[in-house]
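First the structure, in the form of structure tokens, and then the observations on it.
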Amino acid sequence: MQRITKADFDHMQRIDEELMHRVLGELEGLDFASFTSRDVQAALQAKELSPVDFAALLSPAAGAYLEPMAQKAKRLTQAQFGNAVCLYTPLYIANYCVNECVYCGFNCKNHIHRGKLSMDEIRREYEAIAKTGLREILILTGESRSQSSLSYIGEAVSLAKEYFSTIGIEIYPLNVDEYAFLQQQGADFVSVYQETYDTHLYDQVHLSGPKCDFSYRFHAQERALLGGMRGVGVGALLGLGDFRRDAFAAGLHAKFLQQKYPHAEISFSVPRMRPYINRTDHGPNDVHEPQLLQVMLAYRCLLPFAGLNISTRERAGFRDNVVGLVATKISAGVKTGVGGHEEQEKGDAQFEISDPRSVREIREMLQSRGLQEVFTDYIRL
Ligand code: SF4
């Protein structure tokens, strides 16, 4: 196992924590059971949602209002994005991790097959992905500074520029100067998921590793924007704790970021707990599809401009129904092991996928629904 030292924590850059305190402050005293139909109807009429309106749309009372919420969300999505839906694929270039997250197959205590691609292997993966027509890629590593160093990730990003017009990264949180370095190498987007905004639960499920530092993770998006990144992704792992509270906090996290950095392209992801290595049962907080849809619709009503990604954790039928309605980006041709697009996977997968369709099949689905598949919406000068 890789050792974590005090220096790993000392290295963490601290920035103003005002945003985090605002989000956590909004959670205090929040009681979703107190919302009524009247609160939901008022929220549906609101032009801009207040935190209270947003909470109403996430409450159990809004479960009976999915249809009007969907109508509003569709209007907002079409007004901002038209019929366009962006396609991308994730590529795991490594799966080493130093964190002990009890809910994840990559957990450093799990005995899984670990691996890391060489630059030659990464190039072959990029070539195979680019051949499918995709021009947007999300590079993932697991979270290990020693195995997936900043320079290794920088090299992979720089290489990706030869094949892709938009490059996202989902790696361990960095300091501002480190994000600036990756932005200079060609990275556009940074996704970091807080997993849960319940600080007590956060401590219980992150047993060791740098991820134990809630605040450092919370401020990753802000440091990325200060480092010059064009956009950031926000999300909670729905089902880990109380999904309504976590969705509420993630929504406000995004909203406050947007207010503070109006130029930033903000997006949401809505990962749900999935079966993974060493966990095949169901958890007490599991989120079902109507609830997942409710969260997505509430996000759209809160932030009409925000991108909303739908991953292959979800089954094909659900994904097909949310693109155009509320989701603006969909993954295709996905592998969640290390590599696997061109060569044999070099490491185990993080979670099971539910929609194995190829890029061609996803394109056909979008076309059949009158949607326009978009491979690139950005020109690198
Ligand atoms: S959730 Fe992320 S940080 Fe935690 S064990 Fe999995 S890959 Fe590592």
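Derivation of every value follows stated rules applied to the coordinates shown; laboratory data play no part. Fair warning: this is a prediction, and the values are worked out from it, not measured in the lab. Cβ coordinates were reconstructed from backbone atoms using ideal geometry, including for glycine residues, and neighbour counts include every protein chain displayed.
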Going Cα to Cα from Lys161, which lysines come in below 27 Å? Please leave out same-chain ones fewer than 8 positions away. Lys116, Lys131, Lys329, Lys335, Lys346
Computed magnitude of the charge dipole of the stretch 35-374 (debye, nearest 20; Cβ of K, R +1, Cβ of D, E -1): 640
Taking the chain and counting helices only, DSSP H stretches of n ≥ 4 at -39,500 (n - 2.57) each over all residues, the nearest-500 ellipticity at 222 nm comes to -11500 deg cm²/dmol
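What does the extension gain come out to for Ser358 and Arg75, with contour length at 0.36 nm per residue minus their alpha carbon separation?
99.0 nm
I need the trypsin sites (Lys or Arg not before Pro) found in the stretch 44-142, filtered to DSSP loop residues with at most 16 other beta carbons within 10 Å of theirs. Working shown, then result.
Numbers: sites: Lys47, Lys72, Lys74, Arg75, Lys109, Arg114, Lys116, Arg123, Arg124, Lys131, Arg135; in loops: Lys47, Lys109, Arg114, Arg135.
For trypsin sites (Lys or Arg not before Pro) across the stretch 44-142 that sit outside H, G, I, E and B with at most 16 neighbouring Cβ atoms in 10 Å, the list reads Lys47, Lys109.
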Within the stretch 281-351, chymotrypsin sites (Phe, Trp or Tyr not before Pro) in DSSP loop having at most 16 other beta-carbon neighbours inside 10 Å: Phe305
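Please give the length that would be gained between Gln45 and Asp213 if that part of the chain were fully extended, namely 0.36 nm times their separation in residues minus their C-alpha to C-alpha distance (nm, one decimal).
Residue separation times 0.36 nm, minus the Cα-Cα distance, leaves 56.6 nm.
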List the cysteines of the chain that have no other Cys Cβ closer than 4.7 Å: which are they? Cys86, Cys97, Cys108, Cys212, Cys301
Three semi-axes of the equivalent ellipsoid, the chain, Cα gyration tensor, whole Å, largest first: 30, 25, 20
Over the Cα atoms of the stretch 108-172, how large are the radius of gyration and the largest Cα-Cα distance (Dmax), in Å? 12.5, 38
Among the Cα-Cα pairs of the stretch 198-273, the proportion with separation greater than 18 Å, in percent, is 43
Kirkwood Rh (inverse of mean 1/r, distinct Cα pairs), the stretch 107-240, angstrom: 15.8
Considering only DSSP beta bridges where both residues belong to the stretch 35-374, give the percentage that are antiparallel (nearest 5). 10
Taking N as the number of residues in the stretch 28-108, the ratio of its alpha carbon radius of gyration to 2.2 N^0.38 Å works out to 1.62
Would you calculate the separation in nanometres between label points at Ser158 and Asp203, each defined as 7 Å from the Cα along the Cα-to-beta-carbon direction? 4.3
What order do you get for 306-315, 85-94 when each peptide is scored by the mean count of other beta carbon atoms within 10 Å, highest first? 85-94, 306-315
